Amino acid sequence: MSPIEEQILTAKENYETLANIFAKCLESKGQTLPPFSQTTPQPLPSGSCGKTLTSIDAPKTFRKGHEDMQVAMYDSVVNNDKVYFMHGGSSNREHFTNKLYEYGSTTDFSSDFDWNIPASKHATQYDLPFQCAFTSSLVARNDLFCVRYQSTELIKYNLASRSIVERSFLPDTSSAKYHNYHGYNYNIDLDFDERGLWVIHATDASQGNIVIDYLDETTLQPLINWPRRSHTLNVKKSDISHAFMICGKMYMVPNFRDKAIEITSVYDTMTGQTTNVSIVIDPVKQHEIIFRLSYNPRQPYLYGYRYEINNQWEFVKYALKFA
């Protein structure tokens, strides 16, 4: 950890101490104030976390891709049809950019096929004041949540004000030491489900095993009154090609070559239990790879970026069925 990161973490800890002192002062006067990073966000109004994923429909293409890594996202909370698009450079399979493009609708995004024309001609462009490792980014409540490139810094960027509104560092972790097998060389994955914001990563202390933290959306700090502050699984992060959260459960896809892309296990953060399942996502064709499967709780769909033979790239979505 750099000296600057240490100073920021110290400031956060000092703030938490002062907030708790202030809360005790209020309590002595018969008033209350939730301590820093100890409130549990409520589930989304439309979210129902009694559901269990049972099957996934065949993928549908909603836009052709290009020969570099790209990400298309919808807001996980706000009810609109805007599409947020990112692509950029890469180094050692780490992908980064300081540009975000906002399309007014899926139709606008799907019809913009000419890669010789800059995306800014058809979309609103945001110039980010940092390089975003965009393969682990998401949009929720009109905020972009992102990991700074070659860093463990989490950043919350507000689209309305076009400014950084919060940042936080993940301790005891590395930006690229423990990474997913397919698609990108990055350790930290942000995810958003019916319960809120999560980070899936690995640390030196976990010896490369998956760690799940439930984050406060405002402070980007782990919530300490969730059943456990942090969940460490007996699964190496490098052994998992995809992992995503639905209703507080992490669905894991192992690294299989030339086999069906299939969810084989589910970890429940409420109970701390892992269940073996068999939910096929995509019967893989030869040489086919799917990058960055992500879940959107508002729709709900599973999204991915797929590469097929003959250098064919496409954005795909999967309808989900629950019991």
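The values are calculated or read from the model by the stated rules, or taken from the named source; none is laboratory data. Values in this document were obtained by computation on a predicted structure and should not be read as measured data. Neighbour counts run over all protein chains shown; Cβ positions are idealised from the backbone, glycine included. In case anyone asks, the SASA skips ligands and DNA or RNA and just uses the protein heavy atoms, side chains included. Shrake-Rupley method; radii C 1.70, N 1.55, O 1.52, S 1.80 Å.
Select, from 126, 157, the only residue that is modelled with pLDDT of 95 or more, within 28 Å of residue 317 (Cα to Cα), open to solvent by 10 Å² or more (accessible area, probe 1.4 Å) and not in a loop (DSSP other than H, G, I, E, B).
126
I'd like the full set of residues that are open to solvent by less than 10 Å² (accessible area, probe 1.4 Å) and outside any strand (DSSP E or B), limited to segment 129-151.
Scanning segment 129-151 gives 133, 134, 135, 136, 137.
Can you tell me which residues in segment 44-70 are more than 22 Å from residue 263 (Cβ to Cβ), modelled with pLDDT under 60 and not aliphatic (A, V, I, L, M)?
If the condition is that a residue be more than 22 Å from residue 263 (Cβ to Cβ), modelled with pLDDT under 60 and not aliphatic (A, V, I, L, M), then 45, 46 are the ones that fit.
If you take the residues of segment 211-265 that are basic (Lys, Arg) and open to solvent by 20 Å² or more (accessible area, probe 1.4 Å), which of them is modelled with the highest pLDDT?
First pass over segment 211-265, keeping only residues basic (Lys, Arg): 228-229, 236-237, 249, 257, 259.
Among the residues that remain, those that are also open to solvent by 20 Å² or more (accessible area, probe 1.4 Å) are: 228-229, 236, 249, 257, 259.
Numbers: 228: 58, 229: 61, 236: 90, 249: 94, 257: 59, 259: 70.
Per the stated criteria, the residue is 249.
Only residues that are out of contact with any Gly (no Cβ under 8 Å at 6 or more places or on another chain) and open to solvent by less than 10 Å² (accessible area, probe 1.4 Å): list them for segment 192-206, please.
Across segment 192-206, the qualifying residues are 192, 196, 197, 198, 199, 200, 201.
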